[in-house]
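We did not get these values from a lab; they are worked out from the coordinates using the rules stated. Fair warning: this is a prediction, and the values are worked out from it, not measured in the lab. Glycine gets a Cβ as well: all are built from the backbone with ideal geometry, and neighbour counts include every protein chain shown.
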Amino acid sequence: MHLKALVSQHQHVFREKVTRMFADKHKMSIEDVVARYSDVIERYVREKYRGVERAVSTILSYHRPVVLSIIRDPCDANICRICERDKPNIERLRQLYGDRIAFYVLFDSLPEAAIYHIIHQGKGEKLLPLSAIINSNGEVIKYWSGRPVTVDEYREYLDPIV
């Protein structure tokens, strides 16, 4: 699915959740909340997704396939051994593909890293790292989470689109 469509879908679900929570908390109907507070809710949603939209814009600006990596912040006291084991594979991809593909790394502590939840879509256990291949049109071709990805696995999805 296209990255922008995934973000839009996620925002829609989040907006509905916020509206329901607001209605429940203030004992109002959903319709009343929408009529009276839709602008406030919309500003809140836009603010929450600002970092994600910035990351999506950057990814789409490359106009070539992107390997997205969301890893543990290196300043975090806990080291992600899986993230560390994936680094040589990413370096090998850099050697193999050069500038024919782009690499975009996000640390889990950044607001932009919320893109993890948008790509993952609640399927399975959410573990770092998340690695994804996004084609030059912004379609998420494949993603993996919670394990290092072999160079051959990456190549299976990169070779046809490079």
| task | Select from segment 100-131 those trypsin sites (Lys or Arg not before Pro) which occupy a DSSP coil region and have at most 11 other Cβ atoms within 10 Å, ordered by residue number. | result | 123
| remark: If R0 = 22 Å, then residue 1 and residue 46, at their Cβ-Cβ distance, give a FRET efficiency to the nearest 0.05 of 0.50
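Give the dimensionless ratio obtained when the Cα radius of gyration of segment 62-158 is divided by 2.2 N^0.38 Å. Mind dumping the intermediate values first?
Numbers: Rg = 12.7 Å, N = 97, 2.2 N^0.38 = 12.5 Å.
The reported ratio for this selection is 1.01.
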| query | Loop-only check: which GluC sites (Glu not before Pro) in segment 72-162 are DSSP coil with at most 13 other Cβ within 10 angstrom? | reply | 125
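Relative contact order (percent) for the chain, with alpha-carbon contacts under 8 angstrom and 6 or more residues of separation?
Relative contact order, the chain: 29 percent.
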| request: Mind listing the lone cysteines of the chain, meaning no other Cys beta-carbon sits under 4.7 Å from theirs? | output: 75
| said: Can you compute the label reach from residue 155? Point 7 Å from Cα along the Cβ direction, backbone N cut-off under 11 Å, restricted to segment 76-111. | reply: 93, 96-97
| message | Along each principal axis of its Cα atoms, how long is segment 3-59 end to end? Whole angstroms, biggest number first, please. | response | 41, 16, 16
| said: Under 23 Å between alpha carbons, and skipping anything fewer than 8 positions from residue 142 in its own chain: which lysines qualify? | reply: 4, 87, 123, 126
| field | Shape box of the chain [Cα atoms, principal axes, largest first, Å] | value | 57, 36, 25
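Assigning unit charges at the beta carbon (Lys, Arg +1; Asp, Glu -1) and nothing else, what dipole magnitude in debye, to the nearest 20, does the chain show about its Cα centre? Don't jump to the answer; show the numbers that get you there.
Values: 25 positive and 22 negative charges, 33 e Å.
Here the size comes out at about 160 debye.
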| task | Take the Cβ-Cβ distance between residue 64 and residue 29 as r, set R0 to 35 Å, and report the resulting FRET efficiency rounded to the nearest 0.05. | result | 0.15
| Calculated from backbone phi, Karplus (6.51, -1.76, 1.60) coupling profile of segment 147-160 in Hz, x at Gly/Pro | 7, x, 9, 6, 4, 4, 5, 4, 5, 4, 9, 7, 3, x
| task | Give a residue-ordered list of calculated ³J(HN,Hα) values for segment 89-104 (Karplus: 6.51 cos²θ - 1.76 cosθ + 1.60, θ = phi - 60°; whole Hz; x for Gly, Pro). | result | 5, 5, 5, 5, 4, 4, 5, 6, 9, x, 8, 6, 10, 10, 10, 10
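Between residue 95 and residue 127, how high is the FRET efficiency from 1/(1 + (r/R0)^6) when r is the Cβ-Cβ distance and R₀ = 30 Å? Nearest 0.05. List each step's numbers first, then the result.
Details: r = 27 Å, r/R0 = 0.90.
That pair, residue 95 with residue 127, gives E of 0.65.
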